1. How about the stretch 36-47: which of its residues are open to solvent by less than 60 Å² (accessible area, probe 1.4 Å) and polar (S, T, N, Q)?
2. Among the residues of the stretch 48-58, how many are open to solvent by 40 Å² or more (accessible area, probe 1.4 Å) and within 11 Å of the chain's Cα centre (by Cα)?
3. So Ser47 passes all but one of these: (1) part of a loop (DSSP other than H, G, I, E, B); (2) touching an Asp or Glu at 6+ places or on another chain (Cβ under 8 Å). Which condition number does it fail?
4. Would you confirm whether or not the stretch 23-35 contains a residue that is assigned to a loop (DSSP other than H, G, I, E, B), at pLDDT below 95, surrounded by fewer than 12 Cβ atoms within 10 Å (Cβ to Cβ) and not polar (S, T, N, Q)?
5. Restricting attention to the stretch 1-22, and to residues there that are small (Gly, Ala, Ser) and touching a strand residue (DSSP E or B) at 6+ places or on another chain (Cβ under 8 Å), which single residue is most open to solvent (accessible area, probe 1.4 Å)?
6. What residue, among those in the stretch 59-75 that are open to solvent by less than 50 Å² (accessible area, probe 1.4 Å) and touching a residue at least 40 places away in the same chain (Cβ under 8 Å), is nearest to Asp13 (Cα to Cα)?
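The values are calculated or read from the model by the stated rules, or taken from the named source; none is laboratory data. Worth saying up front: this structure is predicted, and the values here are computed from it rather than measured. Glycine gets a Cβ as well: all are built from the backbone with ideal geometry, and neighbour counts include every protein chain shown. When the accessible area is computed, the model is the full protein with side chains, heavy atoms only, and any ligands, DNA or RNA have been set aside. Shrake-Rupley method; radii C 1.70, N 1.55, O 1.52, S 1.80 Å.
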Amino acid sequence: KEPEATIVETLKDVTSYEGEDAMFECRLSRQTTQDAQWFLGDVPLQSNEMNEIKVQGTRHTLILRKVTLEDCGSITFKVGQHTSAA
């Protein structure tokens, strides 16, 4: 069983204006095969034309494209038992 990854660099609050992109970044203690998941409020996010989810080694990035007022709310990153929110 692989050791659990922990969040070593937490999410930072981001302020953006309508039509801009908002970027959130989290860094883990190690690369992991565990499922990492992004949420906007309670809604799990998928990578699509509005949301870009990238993983580069231990760095997990979420880019919300051309945000609207409906995108306002808390962004949460979860991996295993660990959570970070902004």
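1. Residues of the stretch 36-47 open to solvent by less than 60 Å² (accessible area, probe 1.4 Å): 36-41, 45.
Correct list: Gln37 only.
2. Selection size over the stretch 48-58: 4.
3. If we test Ser47 against (1) part of a loop (DSSP other than H, G, I, E, B); (2) touching an Asp or Glu at 6+ places or on another chain (Cβ under 8 Å), just (2) comes out false.
4. yes
5. Of the residues in the stretch 1-22, the ones small (Gly, Ala, Ser) are 5, 16, 19, 22.
Those left that are additionally touching a strand residue (DSSP E or B) at 6+ places or on another chain (Cβ under 8 Å): 5, 16, 22.
Working: Ala5: 0, Ser16: 39, Ala22: 4 Å².
Checked the stretch 1-22; the qualifying residue most open to solvent (accessible area, probe 1.4 Å) is Ser16.
6. Looking at the filtered set, the residue picked out is Ile75.
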